[in-house]
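Q: Please read through the structure below; I'll follow up with questions.
The values are calculated or read from the model by the stated rules, or taken from the named source; none is laboratory data. The shown structure was predicted, so the numbers you read here are calculated from the model rather than taken from an experiment. Please note: Cβ atoms are built from the backbone with ideal geometry, for glycine as well, and neighbour counts cover all protein chains shown. Keep in mind that these areas ignore ligands, DNA and RNA; they rest on the heavy atoms of the full protein, side chains included. Shrake-Rupley method; radii C 1.70, N 1.55, O 1.52, S 1.80 Å.
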Amino acid sequence: MKINKNYQNVKKSYLFTEIAHRVADYTKSHPEAKIIKMGIGDVTLPLAPKVVEAMHRAADEMGVRETFHGYVDDNGYAFLINAIKDYYKGFGVDLDYYEIFISDGAKSDLGNILDLFSEDNTVLVPDPVYPVYVDTNVMAGRRVIYAAATEDNGFLPMPDPAVKADIIYLCTPNNPTGAAYTRDQLKKWVEYAKANGAVILLDSAYEAFITDPDVPHSAYEIEGAKECVIEFCSLSKTAGFTGTRCGYTVVPKALKADGDLNAMWMRRQTTKFNGVAYVIQRAAEAVFTPEGQKQIRENIAYYQENAKILMAGLDRCGIKYFGGKNSPYIWLKCPDNMGSWEFFDKLLSEANVVGTPGEGFGENGKGYFRLTSFSTHENTREAAERICKMLGK
Ligand code: PLP
């Protein structure tokens with residue numbers, strides 16, 4: 001028996017462990033400290049009432065012979081797929097029923113999709129970015145190259161004609177930088193992918209946070225995108241499903257490749273995945289009802305208000321930041337050229353506020369820091385005040 005040695009090349013994910021250690025050490029010597037966690041990448045508001053109601057109803061159905069549900073068909077239940085189809089129509093995008101695949105969240109599909117591609121593809125990943133893209137490719141032994149996301153390009157790297165990539169990950173709105181591609185910028189990526197016979201794996205987990213009308217809600221708003229983009233969507237941040245687990249992946253039939261990727265994905269999923277629970281798909285369906293949309297929007301608005309509170313605080317103390325407008329993340333430049341960890345320690349010890357050092361998301365994250373808007377209004381306000389006070393503002 002030989003193990004997959006590629007796992008030895010996966011970087012230890014020490015970021016959140018290291019944060020926890022530093023916080024634990026600090027609180028041991030300062031038990032009185034009232035720590036505010038502004039690094040949370042998880043939602044904190046409960047599920048919308050409409051969603052919970054649907055879950056209860058579906059659970060009751062499962063206990064009655066006539067309404068019990070066993071294995072799920074193909075790509076998911078029709079009631080949810082059709083609700084998603086209608087949601088896309090709202091962006092002017094027409095999807096075929098069999099282009100939508102219900103998933104247990106974006107993370108699994110972002111990794112699993114790699115089953116469809118040869119190991120000798122070159123993979124282009126933005127830096128900094130959500131670490132899952134790099135790790136899943138390293139596990140499979142693929143070559144990963146990076147597109148630098150820096151202050152100069154607004155943390156939105158554009159295609160470089162001199163670089164040949166086969167698989168391109170884009171995360172927009174981005175975790176951790178909060179930056180989001182406009183329609184024109186995304187169009188350039190679509191053109192590049194089509195010219196190079198590449199596929200774009202577009203992670204759209206933060207779509208619901210978009211406020212800028214120039215930022216598309218789906219890549220398929222761009223002409224030709226169905227020929228080169230697979231879109232990964234999640235209800236985690238949209239509707240608080242981080243612990244409930246449901247998302248959807250769009251694999252267009254028009255994708256250009258030396259095989260039918262849509263048919264391959266259907267084959268892969270029906271072989272290795274047995275679908276998302278009926279109760280959860282009913283809960284997801286409720287998200288797309290008018291009342292469900294109203295309720296989840298109220299939660300998103302709550303987080304967006306937190307982002308505004310943080311941005312106003314950072315403006316007040318003259319800290320340069322990015323994001324926050326189309327995303328729950330605020331990406332700030334550490335003041336006085338401090339390193340990410342140096343700023344982390346200062347913030348922890350002098351303001352008792354915890355955030356996430358940018359370098360945990362890639363080399364280009366050095367000197368940057370991520371704050372999130374998933375806390376309460378009260379804590380967010382208090383954190384903003386403490387940061388300003390720490391900086392003498
Ligand atoms: N994609 C990005 C960019 C994320 O930040 C996250 C979670 O933090 C995910 C995907 C995971 O989504 P899901 O909960 O649907 O697996």
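Q: Between the alpha-carbon centers of the stretch 199-213 and the stretch 347-393, tell me the distance in whole angstrom.
A: The stretch 199-213 and the stretch 347-393 have Cα centres separated by 24 Å.
Q: Further, regarding this structure: Just order 1-10, 374-383, 58-67 by mean Cβ neighbour count inside 10 Å, highest at the front, would you?
A: The most tightly packed comes first, giving 374-383, 58-67, 1-10.
Q: Any idea which of Gly154, Gly392, Gly259 is furthest toward the positive side of the dipole for the chain, if Lys and Arg beta-carbons carry +1 and Asp and Glu beta-carbons -1?
A: Ranked along the dipole, the leading option is Gly392.
Q: FRET efficiency for Glu191 and Asp86, Cβ-Cβ distance as r, R0 = 30 Å, nearest 0.05?
A: Working from the Cβ atoms, E equals 0.55.
Q: Based on the Cβ-Cβ distance of Tyr97 and Ile40, what FRET efficiency does E = 1/(1 + (r/R0)^6) give at R0 = 41 Å, to the nearest 0.05?
A: My answer for the efficiency is 0.65.
Q: Which FRET efficiency, nearest 0.05, do Thr182 and Ile145 yield, Cβ-Cβ r, R0 22 Å?
A: 0.35
Q: Right, another one. Whose amide H sits under 5 Å from the amide H of Thr122, counting only residues 5 or more places off or on another chain, with H placed in the peptide plane?
A: The answer is Asp166, Ile167.
Q: How many Å³ per residue does the convex hull of the Cα positions in the stretch 1-160 occupy?
A: Value for the stretch 1-160: 282 Å³ per residue.
Q: For the stretch 47-109, what is the charge dipole size about the Cα centre, in debye to the nearest 20, if Lys and Arg each add +1 at the Cβ and Asp and Glu each add -1 at the Cβ?
A: Here the stretch 47-109 has a charge dipole of around 240 debye.
Q: Now for a separate question. What aspartates and glutamates does Lys11 reach when the alpha-carbon gap must be under 17 Å and sequence neighbours fewer than 8 apart in one chain are set aside?
A: Qualifying aspartates and glutamates at Cα under 17 Å: Asp127, Asp135, Glu359, Glu363.
Q: Quote to one decimal, in nm, the extra length available between His30 and Val64 on full extension: 0.36 nm per residue of separation minus the C-alpha distance between them.
A: 6.7 nm
Q: Kirkwood Rh, Cα Rg: Rg to Rh for the stretch 50-288?
A: Radius of gyration relative to Kirkwood radius: 0.97.
Q: Same structure again: With a cut-off of 8 Å between alpha carbons and a minimum separation of six or more residues, what is the relative contact order of the chain in percent?
A: 23 percent
Q: Please give the charge dipole size of the stretch 243-393, origin at the Cα centre, charges +1 on K and R Cβ atoms and -1 on D and E Cβ atoms. Round to the nearest 20 debye.
A: That gives the stretch 243-393 a dipole magnitude of about 400 debye.
Q: Evaluate the charge dipole of the chain about its Cα centre and quote only its size in Debye, nearest 20, assuming +1 on the Cβ of each Lys and Arg and -1 on the Cβ of each Asp and Glu.
A: Around 720 debye, computed over the chain.
Q: Quick one: how many Å² of Ser108 are accessible to a 1.4 Å probe, rounded to 10?
A: Estimated to the nearest 10 Å², Ser108 gives 40 Å².
Q: Could you work out the Kirkwood radius for the stretch 85-208, taking every pair of different alpha carbons, averaging 1/r and inverting it, reported in Å?
A: Final number for the Kirkwood radius of the stretch 85-208 is 15.4 Å.
Q: Once phi is turned into θ = phi - 60°, what whole-Hz ³J(HN,Hα) does the Karplus curve with 6.51, -1.76 and 1.60 give for every residue of the stretch 210-218, x standing for Gly and Pro?
A: Values, residue by residue: 5, 10, 7, x, 7, 9, x, 7, 9 Hz.
Q: In whole Hz and in residue order, list the ³J(HN,Hα) couplings for the stretch 33-45 that follow from phi through the Karplus curve 6.51 cos²θ - 1.76 cosθ + 1.60, θ = phi - 60°; x for Gly and Pro.
A: 5, 9, 6, 10, 8, 10, x, 4, x, 10, 6, 10, 7
Q: Just list whichever of Lys34/Lys320; Lys164/Lys256; Lys325/Lys346; Lys107/Lys256 have alpha carbons separated by over 21 Å in the model shown.
A: Flagged as over cut-off: Lys34/Lys320; Lys325/Lys346; Lys107/Lys256.
Q: Also, I was wondering about something else. How much length would be gained if the chain were fully extended between Arg267 and Glu223, taking 0.36 nm per residue of separation minus their Cα-Cα distance, in nm to one decimal?
A: That pair, Arg267 and Glu223, stretches by 13.1 nm at full extension.
Q: Here's a follow-up. Return the distance in nm (one decimal) between the two label points of a simple spin-label model at Thr289 and His21, each offset 7 Å from Cα along Cα→Cβ.
A: Label at Thr289, label at His21, 4.9 nm between them.
Q: Rounded to a whole number, what % of the accessible area of the chain do carbon and sulfur atoms account for, probe 1.4 Å?
A: 51 percent
Q: Given a 1.4 Å probe, how much area per residue of the stretch 50-288 is accessible, in Å²?
A: So the stretch 50-288 comes to 40 Å² accessible per residue, rounded to a whole number.
Q: Work out how far the C-alpha atoms of the stretch 29-77 reach from end to end along every principal axis, then list the three figures in whole Å, largest first.
A: Here the spans come out as 60, 23, 21 Å, largest first.
Q: May I pose another question? At 1.4 Å probe size, with every protein chain present, just tell me what the per residue accessible area of the stretch 296-384 comes to in Å².
A: 36 Å²
Q: In the chain, what percentage of the DSSP-assigned beta bridges are antiparallel, given to the nearest 5?
A: 50 percent
Q: Within the stretch 211-262, report the GluC sites (Glu not before Pro) that DSSP leaves as loop and that have at most 16 other Cβ atoms within 10 Å.
A: When the GluC sites (Glu not before Pro) of the stretch 211-262 are filtered for loop state and at most 16 Cβ neighbours within 10 Å, Glu223 remain.
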